[in-house]
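See structure below.
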Amino acid sequence: MKAYQRKLDIRNGCVDLSHGSGGRAMAQLISGLFHEAFGNEWLARGNDQSAFDVGAGRMVMTTDGYVVSPLFFPGGNIGSLAVHGTVNDIAMAGARPLYLSASFIIEEGFRFADLKMIAESMGEAARTAGVHIVTGDTKVVERGKADGLFISTAGVGVVPHGLDLSAENARVGDRVLISGTLGDHGVAIMSKRQNLAFETEIVSDSAALNDLVAKMVEAGGRGIRLMRDPTRGGLAATLNEIALQSDLGFHLREEAIPVKPGVAAACELLGLDPLHVANEGKLVAILAPENTAAVLAAMRAHPLGRDAADIGEAVADDHHFVQMATSFGGGRIVDWLSGEQLPRIC
Amino acid sequence: MKYADEFRDKEIALGLAKAIRAEADPQKLYRFMEFCGGHTHAISRYGLEDMLPKNVRMIHGPGCPVCVLPAGRIDMAIRLAERPDVILCVYGDLMRVPGSQGASLLKAKARGADIRMVYSTIDAIRIAQDNAGREVVFFAIGFETTTPPTAVMIRLAQKKQLENVTVFCNHVLTPPAMQNILESPDIRNIGRIEIDGFVGPAHVSTIIGTAPYEFFAEEFGKPVVIAGFEPLDMMQAILMLVRQVNEDRHEVENQYSRAVNRDGNLRAKEEVSDIFELRDQFEWRGLGQVPYSGLKLKRAYAIYDAELRCDMHELRVDDNPACECGAILRGVKKPVDCKLFGTVCTPETPMGSCMVSSEGGCAAHWTYGRFRDHQQRRVS
Ligand code: SF4
């Protein structure tokens, strides 16, 4: 490889404007830090793009930006999150994710040591999910113009012919399954925010769901109408979206919805509803009633679906309400979150 | 969490609901006002309305500090925050409260005003320490419960000899507002609401005790039950009110004895009365001017009073004339009676204050309960 004038001082050094300038320093950063962490044959070629084969089927493509604060949180960091998020968006189509791109916007002064940790956990997350990060980009902006680090990832995958999971597919009578406990990611993040730091052992659920999805598709096949990962806006936003797109409503049973006691307690304290809190390793599946038992069993047999539950059903409703029988015996709507999620004062 | 679970037991709830149905006389109407927004929220969130017989009706009172803050006070805060030397610290749920002409703190922040969301008064102290040379103003709002933390903040500023921190005081008191509602005569265009009893706020009573409510029981002949915010607390309080009405009693009863006593928290009360004094008048959104219902800093603490130190001028603005907040806060009308409900006025685009905080009557109904309007229409 090329010789560089100075060696990256990973332990004590930090990113400066030269690392985004297109010169030698940038080349050194990319090869010494990112290639090292992502290591694969496509990157090693050093082109501005990557050529790869895709198998038979329809291509799926998605992109997402990650601006999480804090960058490191219990159970992950912005890097692993960026890989999981994009892998999951592809997987929700029932597709096998194949290749990712990663673009970094780094604030001047960002520590190499942190960047290395983030890149390494991206590499690790990609390997675990069975995808390759094959192209990328690095920009450095002046101090104060980015909150440390922003990452954008895009990804492609392939969905087998004949499988068509889509939001408008839900039908009246379909069951609603959820793969596990709700709100873990959002509460893990909030527990580490300045001002808000509170004691909890909750770790983010950030995880790649493609393997779980593959098992579900195997068990449920065409009976699965659609899947979605309830990230920002939580389960509430996801089901309200689907209700609109499929022109129906939902009836949920609060008792059936899994929430960890620690998450419920933290939400109580902050005046939040766990159904509005973000998840990064959970999925919602809407499926035909006759396939429910088999898919639920397949989910529960998978480590990422151990707490999977059947939480309700799709109903005819012109108003597209998501209604819920409270565990207390009454009824209520589960609405979109309005505005930002802000804790109540009293 | 174990603690809360005990107060959400479904079996006990169903038992209480059954008892209420059995004891409520079908010939009678029971109209109970829950004064506090926390109760309004609990009723909606747990769907308690579904568990009560039709003749037991809950009326959502004005007890949400965000909802009763008049638009003029928001305008005053925005004006202040726009000054380059000022950092305004506010609780998050104030950010979206509409001032005049659609202004809000959130919009002012987007335009560049230095407004910081804080979670406690201590955050404001920290910000003041980090920003010597700038004026840090804490936008204090809330009932008796949130006043002691503001007092603590002033004590702390004193101890640390901080000279750049002040309080924009909007603290209000519960009993004068209850009295105002009970004494208000037939209001033209609004009418008068009959109230058969009150569910009294628990958090407020942990500070002031139950004694201040004895006046209502005695003078107005209205039963008051102080209740906690768990759904079972509410159900039990409603049953206690039904019993008082049936037995023609009007007393102050304490459902929340696990945290509330007759006298309240003496130290907190002392601290508050040392630092604050009554204003002659304070404007409540929906209720208008209510005598002796608001607090301001005493003379001795004038250097911490933003209204004096920052030379703020009282602003008065009228609410949107189509907004029925006034009638809703008094319990005379329901959210669906307002033409703006759900059309132009939603939690994303609140026109009136009742739609802003999740504890406001309109927002609670929109967020959790509006499916009932459609059910009712279908039935009728
Ligand atoms: S719906 Fe909006 S405008 Fe109408 S009373 Fe409620 S808050 Fe006011």
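Using 0.36 nm times the number of residues separating A:R232 and A:S69, minus their current alpha carbon distance, what extension gain do you get?
Result: 57.3 nm gained on full extension.
Inter-chain Cβ neighbour count for B:47-54, averaged per residue, equals 4 (cutoff 10 Å, partner chain atoms only).
Diffusion coefficient (Stokes-Einstein, Kirkwood radius over C-alpha pairs, 37 °C, 0.692 mPa s) for the protein assembly as shown: 117 µm²/s, rounded to a whole number.
Label point of A:M59 set 7 angstrom out along Cα-Cβ; within region A:137-178, amide nitrogens under 13 Å from it belong to A:155-159. Using just its DSSP H runs of length 4 or more, each adding -39500 (n - 2.57), chain B gives a mean residue ellipticity at 222 nm of -10000 deg cm²/dmol after division by all residues.
Against chain A, whose longest principal axis is taken from its Cα atoms, helix A:210-220 shows a tilt of about 30°. The aspartates and glutamates whose alpha-carbon is closer than 16 Å to the alpha-carbon of B:K18, local same-chain residues fewer than 8 away aside, are B:D9, B:E49, B:D50, B:D233.
Expressed as a whole percent, the accessible surface of the protein assembly as shown that belongs to carbon and sulfur atoms is 50, based on a 1.4 Å probe.
Per residue and in cubic angstrom, what volume does the convex hull of the Cα atoms of region B:206-287 have?
Dividing the Cα hull volume of region B:206-287 by its residue count gives 138 Å³.
Axis angle, to the nearest 10 degrees, between helix A:261-270 and the longest C-alpha principal axis of chain A: 80 degrees. Taking region B:258-323 as the region of interest, what is the percent of Cα-Cα pairs per 10 angstrom bin, listed from the shortest bin to the one with the maximum distance? It works out to 16, 35, 31, 16, 3, in whole percents. Taking the helices alone, chain A has a mean residue ellipticity at 222 nm of -8000 deg cm²/dmol, built from -39,500 (n - 2.57) per DSSP H run of at least 4 residues and averaged over all its residues. Over chain B, accessible surface divided per residue gives 42 Å², non-protein components excluded, 1.4 Å probe.
Multiplying the sequence separation of B:A132 and B:D25 by 0.36 nm and subtracting their Cα-Cα distance, what value in nm do you get?
Working: separation 107, 0.36 × 107 = 38.52 nm, distance 6.44 nm.
Length gained between B:A132 and B:D25: 32.1 nm.
Just to confirm a number: summing +1 for Lys and Arg and -1 for Asp and Glu over residues other than A:A301 whose beta-carbon lies under 14 angstrom from that of A:A301, what do you get? Neighbour charge sum, excluding A:A301 itself: 0. Residue by residue along B:361-367, Cβ atoms of other protein chains within 10 Å of the local Cβ number 2 on average.
Sort A:48-56, B:233-241 by the packing proxy (mean of other Cβ within 10 Å over each peptide's residues), most packed first. Each step should come with its number before you reach the end.
On the way: A:48-56: 9.3, B:233-241: 24.4.
Going from most to least packed, we get B:233-241, A:48-56.
Any of B:K54/B:K334; A:K116/A:K139; B:K109/B:K334; B:K269/B:K298; A:K116/B:K109; B:K160/B:K296 with alpha carbons more than 26 Å apart? Name them for me. Those over the limit are B:K109/B:K334; A:K116/B:K109.
Once you have the alpha carbon radius of gyration of region A:1-116, what is it after dividing by 2.2 N^0.38 Å, with N set to its residue count?
My calculation over the Cα atoms of region A:1-116 gives 1.21.
Write down the Å³ per residue value for the convex hull defined by the alpha carbon atoms of chain A.
So the per-residue hull volume is 142 Å³.
Packing-based ranking of A:205-211, B:298-304, A:296-302, A:76-82 yields A:76-82, A:205-211, A:296-302, B:298-304, ordered from highest to lowest mean Cβ neighbour count within 10 Å. Compared with the dominant principal axis of the Cα atoms in chain A, helix A:112-129 is inclined by about 50°.
For the options B:I115, B:I154, B:I12, a Gaussian network treatment of chain B with springs between C-alpha atoms closer than 10 Å singles out B:I12 as fluctuating the most.
Report the equivalent ellipsoid semi-axes for region A:193-346 in whole Å, largest first, defined as the square roots of five times the eigenvalues of the gyration tensor built from alpha carbon atoms. Please report the intermediate quantities before stating the final value.
On the way: eigenvalues 138, 83, 37 Å².
Taking √(5λ) for each eigenvalue gives 26, 20, 14 Å, largest first.
The values are calculated or read from the model by the stated rules, or taken from the named source; none is laboratory data. The shown structure was predicted, so the numbers you read here are calculated from the model rather than taken from an experiment. Methodologically, a virtual Cβ is constructed for each residue, glycine included, from the backbone with ideal geometry; neighbour enumeration extends over all protein chains shown. Keep in mind that these areas ignore ligands, DNA and RNA; they rest on the heavy atoms of the full protein, side chains included. Shrake-Rupley method; radii C 1.70, N 1.55, O 1.52, S 1.80 Å.
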